[in-house]
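In what follows, a structure is listed as structure tokens, so that the remarks can point back to it.
The values are calculated or read from the model by the stated rules, or taken from the named source; none is laboratory data. The structure presented is a predicted model; accordingly, all values stated were derived computationally and were not measured. Glycine gets a Cβ as well: all are built from the backbone with ideal geometry, and neighbour counts include every protein chain shown. All accessible areas refer to the heavy atoms of the entire protein, side chains included, with ligands and DNA or RNA removed. Shrake-Rupley method; radii C 1.70, N 1.55, O 1.52, S 1.80 Å.
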Amino acid sequence: MGDSTATTTDLDVALEKYRTELTGYCYRMLGSSFEAEDAVQDTLVRAWRSYDKFEGRSSLRSWLYRIATNVCLDMLTAGNKRARPMDLSEATPLARAALSPRPDNTWLEPMPDARVLPTVEDPAEAAVAKESVRLAFMAALQQLPAKQRAVLILREVLAWKASEVAELLDTSVASVNSALQRARATLSEREAAGADAAVSNPLDEEQRKLLDRYVAAFEGYDMTALTALLHEDAIMTMPPFDLWLTGHDDITGFMTTIGSACEGSRLLPVQVNGLPGFAQYKPDPERGGHSPWAIQILEISEGRLTGFHFYLDTPRWFPLFGLPLHLPLDLDGQPDEIEQGA
């Protein structure tokens, strides 16, 4: 009995070691934080239950990726492609701005870096991993058929050999190479339509100063200062609402009208989707202090903000990020974090 328990524990530890990288893989495949975590849990349970059938002809890691791929392909058979607001409609002029929500499964979801990016020693490898979870790349992945998506992630992001991917997918090397070529062509078309934000890894001094200025402008609700930080074609999105705005006049106009309740907000830094981000807390008139409002993801290019994306479903996002569920005021009138999320 003791030996059996020890073996079970060893297997649990061996499987758990792959959770973060598998979550990253499933997240890139599915575009959903919560579906990715469900897929990984399903993968590990299936592996645990069928471990006695694992014959060791491949590595444990390869075997787990095979199971995870099958789980994701099953989940993708419904054909849902998650998107950003600008993937679904034209920009809305401020004069016609209306907050119309769409169902949760419409949207590409944010993800904390720590849940999907394993610690790696090689800076180049770390940079590729971060770039591969950025919103623009994730949105492009969602346009690929499921098997092309798997091939591209395994070959380009995880650097698997074509022969390894062919074995995993029970197909030929020629088929893998063909799928990769088609996937690359689709992605290059999307990149031509709008390049991803360029963010250093780690952030350089200029980008850190830009973020400091952004925090000061947002918390001070200083629209003149904020305008100076925004690219003239900057984009603002607010899932689950399908509204998106472009240009600093419409963005700041929205923030001082429909979004005026954000004045007096506080921002806490978060690492999200390989990009700088903030947890935004709005003033809470009922309890005092500040309550969760949005996870912000910022895109930076050439010293300006080109996009900021507000994910507003706080009952889901703040616990996922392990963030405080309320910021009470201390004696100086500043937020003091005490209540932690799950």
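Points worth noting:
- Flag for Asp42 being among the acidic types (Asp, Glu) and within 30 Å of Gly259 (Cβ to Cβ): no
Results for (1) hydrophobic (A, V, I, L, M, F, W, C); (2) at pLDDT 95 or above, shown as yes or no for each residue.
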| position | (1), (2) |
| --- | --- |
| Pro269 | no, yes |
| Tyr281 | no, yes |
| Phe308 | yes, no |
| Pro319 | no, yes |
| Asp332 | no, no |
| Ile338 | yes, no |
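- Complete set of residues in segment 212-232 that are touching a helix residue (DSSP H, G or I) at 6+ places or on another chain (Cβ under 9 Å), aliphatic (A, V, I, L, M) and in contact (Cβ under 8 Å) with a residue 24 or more places away in the chain: Met223, Leu226, Leu229, Leu230
- Among the helices (runs of 4 or more DSSP H) confined to segment 89-172, the ones with at least 3 residues that are open to solvent by 20 Å² or more (accessible area, probe 1.4 Å) are located at 123-131, 146-152, 162-168.
- The strands (runs of 3 or more DSSP E) found entirely in segment 202-297 that carry 1 or more residues being surrounded by fewer than 16 Cβ atoms within 10 Å (Cβ to Cβ) and of a type outside the set (Ser, Thr, Tyr) are 230-238, 266-272.
- Residue in segment 303-321 that is outside any strand (DSSP E or B), in contact (Cβ under 8 Å) with a residue 60 or more places away in the chain, within 17 Å of the chain's Cα centre (by Cα) and within 19 Å of Val215 (Cα to Cα) present: yes
- Inside segment 286-306, residues that are small (Gly, Ala, Ser) and touching a Leu at 6+ places or on another chain (Cβ under 7 Å) make up a count of 4.
- Scanning segment 19-66 for residues that are within 16 Å of Met138 (Cα to Cα) and surrounded by fewer than 19 Cβ atoms within 10 Å (Cβ to Cβ) yields a total of 1.
- Of the helices (runs of 4 or more DSSP H) contained entirely in segment 1-76, not one carries at least 2 residues that are closer than 17 Å to Glu167 by Cα, among the acidic types (Asp, Glu) and at pLDDT 95 or above.
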